[in-house]
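For reference, the structure is listed below as structure tokens.
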Amino acid sequence: MSDFALLFEFIRELYNTPQGIIPLHEPRFNGNEKKYLSECIDSGFVSSVGEFVNKFEQEIAKFCGSKYAVATSNGTSSLHAILHAIGVNQEREVITQALSFIATSNAIAYTGATPVYVDVDLDTLSLSPIALEEFLHSNAQKLENHTINKHTGKIIEACVPMHTFGHPARIEEISRICKEWNILLIEDAAESLGSYYFKNGVKTHTGLEGIASALSFNGNKTITCGGGGVILTNDEALAKKLKHITTTAKIPHPYEYYHDMLGFNYRLPNLNAALALAQLEQLPAFLQSKLEVAKAYEDFCSKNGLEFIRARKDTMPNFWLNAIKLEDKKQRDDFLAQSNTSGIMTRPIWALNHQNPMYIHCQHNGVKNSIYLQDRIVNLPSSARIS
């Protein structure tokens, strides 16, 4: 019997799967998916134009509390489009966290800009406002309308924190620091659809503190349309620009093809939007189920000497991926080997972004918390229990 046998037995009971593979995060298609897909196919509008795209944008904006939503092909394209739209280029730098999926850094690099890595908090697993402020005081200089990196001379244009596993970052504190230093705040909310924090006592969805944010609907996300993403913003002019450049910057005309700036073919197809809309209708039920799964894990861990990554005070995470923290890298590796060999899919945190060869040259502040977490965190099966 393995060292983690009790946990493995618990997971199999939790998902009522005595044998076979338990996925890390499996999509649930129990609503109007087939109906809406059939309607979309019958309409003939299956590409980047169609009523399902328009309806999905309206409904996701309403759910999140954003004035505007722009549907895109995936979360990475959403983040890239935002950065491009605000003028990030090869003469700029963007602060982010090394502890993130590689897409965060890739979106920055697509603009030609250089990522700069700041450490995370141990409880949120997301960008630390204390580390951010310390980094800026040590490495940056305020000028009249912007901030430069004293070591490179480049303007630090933006800051992109990521709400890791759906746990809200200390985004209000990060926002205050960014405003003080004239740095634009963009939220990587790819993992945090349905995650909230309390702002002055008011429940607030992630992704609304900065000038814009990016959501993802990849196959393993809380809701999915195979791929897909959305940009949230309360800035009307920015929303119009983002919709324009994500639709190849084509000037509307009945038949002529004219494009007035560099654009991208990033629009979400109507076919995917049909699937996304059906999923969005079920989101409250998914979130409730995932909350129950997280509570079951937390109760089990508290009784069995395991450290569960729980909700921070004044936050309501979506618990996209549940996580535990083990004693060290050896125990982490033993756990990963035993669980996956036994048919229970578990995963470590990603390789820190600056450890990948294309970003190994990038400036960072030591990221000691990120390294500590990388050696200890594992994700547990986290699908909603809806059949």
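Things to note:
- For the stretch 14-164, the carbon plus sulfur part of the accessible surface works out to 51%, probe radius 1.4 Å.
- Of the GluC sites (Glu not before Pro) in the stretch 281-315, those whose Cβ has at most 15 other Cβ within 10 Å and which sit in DSSP loop: none
- Cα-centred dipole magnitude for the stretch 162-245, charges only on beta-carbon of K, R (+1) and D, E (-1), debye, nearest 20: 180 debye
- Given Lys142/Lys250; Lys203/Lys290; Lys154/Lys250; Lys35/Lys290; Lys221/Lys325, the pairs whose alpha carbons are separated by over 28 Å: Lys142/Lys250; Lys154/Lys250
- Most positive-pole-ward Cα, Leu277, Ile22, Ile11, against dipole of the chain from beta carbon charges: Leu277
- Where the chain is the region considered: accessible area per residue in Å², 1.4 Å probe: 43 Å²
- Across every pair of non-identical alpha carbons in the stretch 213-266, the mean reciprocal distance, once inverted, gives a Kirkwood radius of 12.7 Å.
- Restricted to Cα atoms, the stretch 81-217 shows a radius of gyration and a Dmax of 13.9, 41 angstrom.
- Carbon/sulfur fraction of accessible area - the stretch 213-268, other protein chains in place, 1.4 Å, %: 55 percent
- All aspartates and glutamates inside 17 Å of Lys313 as judged from Cα atoms, apart from same-chain residues fewer than 8 positions distant: Asp121, Asp123, Glu172, Glu173, Glu298
- When the alpha carbon gyration tensor of the stretch 280-387 is reduced to an equivalent ellipsoid, its three semi-axes come out at 27, 18, 15 angstrom, largest first.
- Whole-percent pair-distance distribution, where bins are 5 Å wide, for the alpha carbons of the stretch 168-305: 2, 8, 13, 16, 18, 15, 12, 8, 4, 2, 1, 1, 0, 0
The values are calculated or read from the model by the stated rules, or taken from the named source; none is laboratory data. For clarity, every value in this text was computed on a predicted model and none was experimentally measured. Note: ideal-geometry Cβ built from the backbone for every residue, glycine included; neighbour counts use all protein chains shown. For accessibility, only protein heavy atoms count, side chains too; no ligands or nucleic acids. Shrake-Rupley method; radii C 1.70, N 1.55, O 1.52, S 1.80 Å.
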